[in-house]
Amino acid sequence: MAASAERLRHAWGVHAVYVTTLKPGVVELRLVGFDVLRRVRMPRKLRPDLLRVPVALREDATPFVRDYRTVPHQLTLGATLSGKSMYLRHLVAGLARQPVALVGIDCKRGVELAPFAPRLSALATDPEQAAELLPVLIKEMEDRYDLIKARQGIALSMPDEEITSDIWGLSEHKRPVPVVLFVDEVAELFLVATKKDEERRDEMVTQLIRLAQLGRAAGIYLEVCGQRFGAELGKGATMLRAQLTGRVCHRVNDEASAKMALGDIAPEAVSAACAIAPELPGLAVAGDTSGGWSRIRTPYLSLGDAAETCRESAHLVPDLPALKPFRPDVPVRPPAETPSPVVRPRPVTD
Ligand SMILES: Nc1ncnc2c1ncn2[C@@H]1O[C@H](COP(=O)(O)OP(=O)(O)O)[C@@H](O)[C@H]1O
Ligand SMILES: [Mg+2]
């Protein structure tokens, strides 16, 4: 069937024919009449599930779901203006309505993540703040491991690496809230000017590696975005990349960047990523760990709409005392949006 898909496409005069095996003896043929990625419209009936966000559309018109329980950590690469921040925006807006703590590191002075401040449990907008925030997340993770050990009757001295259970095994009222850490423009975080910066950077890379290695069981997930992610980011960067198993590659400027994103998990997808045209921001190639890949594209979502979702769901910010000091200041609503009163209040003077 797969071999005749191309002929079927012409015979039926459709945009594409996709063949998938459902079970031995049963294949599914999906006929797609037009290029669904040109103007993305998500299927309307999508069941919202904890830690599952339908973030984009695949070229076969099925939703591409970012599922943190199956793929805990992801790396999203792409050139400037390729649509990375849009991808993050969808995830933030999607998770905002769920009982999940959202933490942001955005070292481009918070241009992308600060508008979501009302719903963020913590936000770091420069490497100094991030260097303070990461150890707190590590501590939170270790506390969660201790909690799991206590509930399972495991000795506290047992190394965290050997624990096989996770927070989902805890009863609901004891279970700590999941945390998703968003890092936009990871290179900005690792930028160094001095020798002292270098030490700090190496420490942060180590901390991120530790979060990536052990975070899943503690319900802490990483979502990392960047233009490139290679050895130039410093010691340990490639090791960190190996831990981020979910991969999405937007338009890139060179093959080397596409290889950084997809080379180690879906080598055939590299050329597909290199062929993405700049006219279609948001178009990307998503690899999965089984070696398969698909072309996806996010729908358009304005920053204002995503920020509005965060304001509306501000009451859902979970109570995490450790993160309190990092809770961002919530900007006051721009005055243009609140209708001005007909009678202007006058200050009372005597
Ligand atoms: N799926 C999409 N559909 C339409 N426009 C998009 C899409 N994704 C991104 N854009 C637009 O492309 C531009 C760059 O997107 P952005 O996410 O900021 O890229 P990056 O973070 O990679 O630099 C923005 O103006 C954005 O509105
Ligand atoms: Mg961006």
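Observations on the structure shown:
- Within the accessible area of region 1-104 (1.4 Å probe), percent carbon and sulfur: 54
- Geometric descriptor of region 9-99, per residue, is 152 Å³ (volume of the convex hull of the Cα atoms).
- Using a cutoff of 8 angstrom between alpha carbon atoms and counting only pairs six or more residues apart, the relative contact order for region 130-266 works out to 25 percent.
- On a per residue basis, region 84-172 carries 39 Å² of accessible surface, using protein heavy atoms and a 1.4 Å probe.
- Cut-off 14 Å between beta-carbons: net charge of the residues surrounding T194, Lys and Arg +1, Asp and Glu -1: -1
- Sparse-neighbour loop sites [GluC sites (Glu not before Pro); region 138-218; at most 16 other C-beta within 10 Å; DSSP]: E172
- DSSP beta bridges fully contained in region 1-140 are about 75 percent antiparallel.
- Per atom type, region 105-249 shows carbon and sulfur on 50% of its accessible surface, probed at 1.4 Å.
- The calculated 222 nm mean residue ellipticity attributable to helices in the chain amounts to -9000 deg cm²/dmol, summing -39500 (n - 2.57) over DSSP H runs of n ≥ 4 and dividing by all residues.
- In a DSSP loop and with at most 16 other Cβ atoms within 10 Å, the trypsin sites (Lys or Arg not before Pro) in region 3-77 are R38, R39, R41, R44, K45, R69.
- Distances between placed amide hydrogens fall under 5 Å for N253 paired with A79, all partners being 5 or more residues away or on another chain.
- Whole-number percent relative contact order across region 1-52, with pairs defined as alpha carbons under 8 Å at least 6 apart: 25
- Our compactness index for the chain, the C-alpha radius of gyration over the empirical 2.2 N^0.38 Å, is 1.09.
- Rounded D (µm²/s) - region 152-210, Kirkwood Rh over Cα pairs, Stokes-Einstein at 20 °C, 1.002 mPa s: 143
- Gaussian network model of the chain, Cα within-10 Å springs - most flexible of V17, V192, V26: V26
- Comparing V317, V14, V92 in a Gaussian network model of the chain where C-alpha atoms under 10 Å apart are linked, the largest mean-square fluctuation is found at V14.
- Between the exposed loop cleavage positions of the chain, defined as chymotrypsin sites (Phe, Trp or Tyr not before Pro) in a non-H, G, I, E, B DSSP state with at most 15 neighbouring beta-carbon atoms within 10 angstrom, the longest gap is 35-299.
- GNM remark for the chain: springs join alpha carbons under 10 Å apart, and the peak mean-square fluctuation among R210, R89, R241 falls on R210.
- The antiparallel fraction among DSSP beta bridges confined to the chain stands at about 50%.
- Selection of trypsin sites (Lys or Arg not before Pro), region 90-170, meeting DSSP coil and at most 11 other Cβ within 10 Å: R109
The values are calculated or read from the model by the stated rules, or taken from the named source; none is laboratory data. Computed from a predicted structure; not experimentally measured. Using ideal geometry, Cβ is built from the backbone for each residue, glycine included, and neighbour counts are taken over all protein chains shown. Surface areas here come from the heavy atoms of the whole protein model, side chains and all, with no ligands, DNA or RNA. Shrake-Rupley method; radii C 1.70, N 1.55, O 1.52, S 1.80 Å.
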